[in-house]
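Here the structure comes first, spelled out in structure tokens, and everything after it is commentary.
The values are calculated or read from the model by the stated rules, or taken from the named source; none is laboratory data. Computed from a predicted model, the values in this text were never measured in an experiment. No Cβ is skipped: glycine too gets one built from the backbone with ideal geometry, and neighbour counts run over all protein chains shown.
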Amino acid sequence: MTVNAVCRECKQFVNNSPFFGKRLPFYAGNRIMKPLREKGVTHMYQKEDVRKFLDEKQISYEWFDHKAVFTIDEMLEIGLEKEEDIAKNLFLRDNKGKRHFLVVIRENKQADLKSLGEKIGAGRLSFASEERLMKYLGLTKGSVTPFVILNDTDCAVEVIFDEDFRNLDAIGVHPNDNTASVFLAFSDLVQIIEEHGNSVTFLSL
């Protein structure tokens, strides 16, 4: 069975599971993580792993637990105090499926994929499938976040930030789980990604 086939099976299990949107018990989490271990990934950063990572790095942050959210509109309905700092995250691929990008923009913006593709020399861009999301970053739709780069053991995903974030003191993202949001200094987040080894680009989006 191919990795993609395993990931499709994993996706179907998640969507049909009574635990969807909740913390999974060990046996369910183990079944979901199995294809990732077969891919060669020995550890995937999940919600509490991200918190532990930030604490160990002594990075200041604010943490908010909330109900599961899958869209920016649902995120804004929660009523977090710093909603203007919330990021929208897009996982994209080029036309050949050879390059993958995590694009991070302000929550009130819409990305022009045609213009972005021209700026980065990638040609036509499109949203990557959930199978690719699971394969490269170990997440399902609705939980995409810059912290997912910690799961990219091959540093294959290119990260692109809207340069507007440079004007903000903080950025709000999920900690690899859509049942929580964490706010931290934008400079700290960029440093985390760069130290992990992924390329970071700033563009006007």
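Which one of VAL182, VAL200 is aliphatic (A, V, I, L, M), under 18 Å from PHE91 (Cα atoms) and either free of Cβ contacts under 8 Å to residues at least 40 places away in the same chain or surrounded by 13 or more Cβ atoms within 10 Å (Cβ to Cβ) (or both)? Being aliphatic (A, V, I, L, M), under 18 Å from PHE91 (Cα atoms) and either free of Cβ contacts under 8 Å to residues at least 40 places away in the same chain or surrounded by 13 or more Cβ atoms within 10 Å (Cβ to Cβ) (or both) holds for just one of VAL182, VAL200, which is VAL200. Candidates are the residues of segment 37-89 that are assigned to a strand (DSSP E or B) and modelled with pLDDT of 85 or more; the one that is nearest to THR153 (Cα to Cα) is ASN89.
Scan segment 90-109 for residues that are part of a loop (DSSP other than H, G, I, E, B) and without any contact (Cβ under 8 Å) to a residue 40 or more places away in the chain and jot them down.
Correct list: ASN95, LYS96, GLY97, LYS98, GLU107, ASN108.
Residues that are closer than 23 Å to THR140 by Cα and either touching a Lys or Arg at 6+ places or on another chain (Cβ under 7 Å) or of a type in the set (D, E, K, R) (or both) within segment 180-205 comprise ALA180, PHE183, listed in sequence order.
Taking every residue in segment 110-128 that is within 19 Å of VAL144 (Cβ to Cβ) and pairing it with any residue that is aliphatic (A, V, I, L, M) and in a loop (DSSP other than H, G, I, E, B), at least 6 positions away or on another chain, the pairs with Cβ-Cβ distances below 7 Å are ALA111/LEU205; LEU116/LEU205.
The rows are residues; the columns are (1) in contact with a helix residue (DSSP H, G or I) (Cβ under 9 Å, 6 or more places away or on another chain); (2) outside any strand (DSSP E or B); (3) modelled with pLDDT under 90.
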{"residue": "LYS114", "(1), (2), (3)": "no, yes, no"}
{"residue": "MET134", "(1), (2), (3)": "yes, yes, yes"}
{"residue": "LEU139", "(1), (2), (3)": "yes, yes, yes"}
{"residue": "LEU150", "(1), (2), (3)": "yes, yes, no"}
{"residue": "ILE160", "(1), (2), (3)": "yes, no, no"}
{"residue": "PHE165", "(1), (2), (3)": "yes, yes, no"}
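For the structure I just gave you, tell me whether SER143 is over 19 Å from LEU184 (Cα atoms) and of a type in the set (S, T, N, Q). Against the criterion (over 19 Å from LEU184 (Cα atoms) and of a type in the set (S, T, N, Q)), SER143 does not qualify.
Return yes or no: is ILE105 more than 26 Å from TYR45 (Cα to Cα) and modelled with pLDDT of 90 or more? Judged against the criteria, ILE105 is not a match.
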